[in-house]
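Asker: What follows is a structure written as C-alpha cells; I'll ask about it next.
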Amino acid sequence: MSTKRRTALVTGSSGLIGSEVVDYFCRMGWKVHGVDNNLRADFFGPAGDTRWNQRRLQETHAGFRHNDLDVRDRAAVDALVRELRPSLVVHAAAQPSHDLAASRPFDDFDVNAVGTLNLLEAVRRHALEAVFVQMSTNKVYGDAPNEIALAETGTRWDYADPEFANGIPETFRIDQSKHSLFGASKVAADVMVQEYGRYFGMNTCCLRGGCLTGPNHAGVELHGFLSYLIKCNVEARPYKVYGYKGKQVRDNIHAYDVARFIHAFAEAPRSGEVYNIGGGRGNSVSILEAFDRIAQLSGRRMQFQYTDRNREGDHICYISDLSKMRAHYPSWDITRNLDRIFAEIHAAMTGARRADLAA
C-alpha cells in the first residue's frame, strides 16, 4: 500500500476490535475516521455502553475523528465514503449476540447484512482501490463443528478426529447447519464481501473470528466470553454456564494481534479472501479451565451457576486453524498468549497499570 494514502475508515470504532484498530493505525501516523453510534448500549444496556472508549480515543489520538453515524443509514455511509475516499476500510460494526438476534431479528439483519452492503457499495462507488476488511465470525460455520468426533478430558472437549488437530480450516462448510439468526446474518455479510472481491475485483477479506478479546472489551453476558467471565470473578458475581459440563472450548485472540493481521493484509491485499482468525490451539481454553486461570490470578474462587441447556447453535469445541493466515502472511503470528490476555483484562478491571504487564 502506498505510503501517500494513509486514511483509514473504521466502523464500530468504539468497540473492542474497532478501537484497537484505531489505536494501532493512529500510532502509525494514519488519519483514522471512526464510525460508531453506541448502538451496543441499546442492545445490551448500560453495561454495553462504549462512549468511554470513544472519549479515550479522542483524547489520545490527534489523528482520530469520530463520526456518530449508523451503518444502516445508506445515504450517510455513501456520503462519508465519498468525502474520505479511504485507502483502508475496516468494518467492525455489528450486532454480535445469538440471543439478541432471536428477539430483534430485523435489527440484527439490518446492522450485520444490510450495513455491510451499504459500506461495500459505497466503497465500490467512491474508493474502488481501497482495502476492505470485514470482521466476520466463526458462527458462519453454524453448529456443523459439533458434528466432529470429540474426546472428553477432565476439563475440556477436544477434537478426536486427527483431520482437525490444528482446528477448523476455511474450507469447512458454512451451510446445512443451525447458525442462530446472528450467524445467518453474518453469513450473508461474509458472502457479500467475498462476492464484491470476486465480482468487482476489490481487495476484500473476511476475518472469521474465534473469541476476540482484550482489556477494552465491554463484555456482557450475551457477548464477550473472557471479558465477562473475568468481570464476574472481579465483582464476585456468579457466571452462568450453559450446558456441555462447562467443558466447551474457545480459542482466544487479543485484539492487538487482529489489528496486526489487518495491517499485514492491507500491505499485501488479496481479492475475496477468507481467514479464520483466532488464538489457535495455543490460546484455547475451556470454561472450567478459564475458571481456574482467573482464580489463580485474582485469588478469588469463581462462582457459577450451571444449566444443562446449551445455547442454540453454540459450539462445543472451536479452535481456529491458523495455517492459511501463516502461509499467506508469514511475518504475522500470535504475540499475546493466554497468560497475558488474562492479566491485561484483569488489570483493566481492577485498576492496575497495564504498563506493569509489559513483556
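The values are calculated or read from the model by the stated rules, or taken from the named source; none is laboratory data. Note that the structure is predicted; figures quoted are calculated from it, not measured. Cβ coordinates were reconstructed from backbone atoms using ideal geometry, including for glycine residues, and neighbour counts include every protein chain displayed. For accessibility, only protein heavy atoms count, side chains too; no ligands or nucleic acids. Shrake-Rupley method; radii C 1.70, N 1.55, O 1.52, S 1.80 Å.
Asker: Would you confirm, using the coordinates I've provided, whether Thr350 is surrounded by fewer than 17 Cβ atoms within 10 Å (Cβ to Cβ) and modelled with pLDDT under 95?
Answerer: When the stated conditions are applied, Thr350 passes them.
Asker: On to the next question. Please list, ordered by first then second residue, the pairs with beta carbon atoms under 6 Å, 6 or more apart or interchain, first in region 127-150 and closer than 17 Å to Arg208 by Cα, second of a type in the set (Phe, Trp, Tyr) and open to solvent by less than 20 Å² (accessible area, probe 1.4 Å).
Answerer: Close Cβ pairs (under 6 Å, with a partner that is of a type in the set (Phe, Trp, Tyr) and open to solvent by less than 20 Å² (accessible area, probe 1.4 Å)) amount to Asn138/Tyr318; Pro145/Tyr318.
Asker: Further question: Within region 151-188, track down each residue that is among the aliphatic types (A, V, I, L, M) and surrounded by 18 or more Cβ atoms within 10 Å (Cβ to Cβ).
Answerer: Those that are among the aliphatic types (A, V, I, L, M) and surrounded by 18 or more Cβ atoms within 10 Å (Cβ to Cβ): Ile168, Ile174, Leu181, Ala184, Val187.
Asker: Next question. I'm checking my understanding of the structure. Among residues of region 151-164 that are within 26 Å of the chain's Cα centre (by Cα) and touching a residue at least 24 places away in the same chain (Cβ under 8 Å), which one is nearest to Ser323 (Cα to Cα)?
Answerer: Filtering first and then ranking leaves Phe164.
Asker: Can you tell me which residue in region 196-210 is farthest from Ala130 (Cα to Cα), limited to those that are open to solvent by less than 30 Å² (accessible area, probe 1.4 Å) and either hydrophobic (A, V, I, L, M, F, W, C) or assigned to a loop (DSSP other than H, G, I, E, B) (or both)?
Answerer: Selected residue: Gly210.
Asker: Here is a further query. Mind counting the residues in region 267-282 that are open to solvent by less than 10 Å² (accessible area, probe 1.4 Å) and over 15 Å from Arg326 (Cα atoms)?
Answerer: Residues meeting the conditions: 1.
Asker: Which one is least open to solvent (accessible area, probe 1.4 Å) among residues in region 289-333 that are touching a Phe, Trp or Tyr at 6+ places or on another chain (Cβ under 8 Å), part of a loop (DSSP other than H, G, I, E, B) and basic (Lys, Arg)?
Answerer: Only one residue tops the list, namely Arg311.
Asker: Then there is this: Condition first: of a type in the set (A, V, I, L, M), assigned to a helix (DSSP H, G or I), touching a residue at least 12 places away in the same chain (Cβ under 8 Å) and out of contact with any Leu (no Cβ under 7 Å at 6 or more places or on another chain). Can you find one or more residues in region 230-251 that meet it?
Answerer: For region 230-251, residues of a type in the set (A, V, I, L, M), assigned to a helix (DSSP H, G or I), touching a residue at least 12 places away in the same chain (Cβ under 8 Å) and out of contact with any Leu (no Cβ under 7 Å at 6 or more places or on another chain): present.
Asker: Looking at region 258-270, which of its residues are touching a strand residue (DSSP E or B) at 6+ places or on another chain (Cβ under 6 Å) and part of a loop (DSSP other than H, G, I, E, B)?
Answerer: Pro269
Asker: Having 3 or more residues that are surrounded by 18 or more Cβ atoms within 10 Å (Cβ to Cβ) is the bar; report the helices (runs of 4 or more DSSP H) wholly within region 1-110 that clear it.
Answerer: 16-27, 39-44, 51-60, 74-84, 98-103
Asker: While we're on this one: Do we find a residue being hydrophobic (A, V, I, L, M, F, W, C) and open to solvent by 10 Å² or more (accessible area, probe 1.4 Å) anywhere in region 247-262?
Answerer: No.
Asker: With respect to Lys186, is the statement that it is in a loop (DSSP other than H, G, I, E, B) and in contact (Cβ under 8 Å) with a residue 60 or more places away in the chain true?
Answerer: No, not satisfied.
Asker: Then there's this: If you go through region 219-228 one residue at a time, do you hit one that is under 20 Å from the mean Cα position of the chain (by Cα), surrounded by 23 or more Cβ atoms within 10 Å (Cβ to Cβ) and within 20 Å of Trp157 (Cα to Cα)?
Answerer: yes
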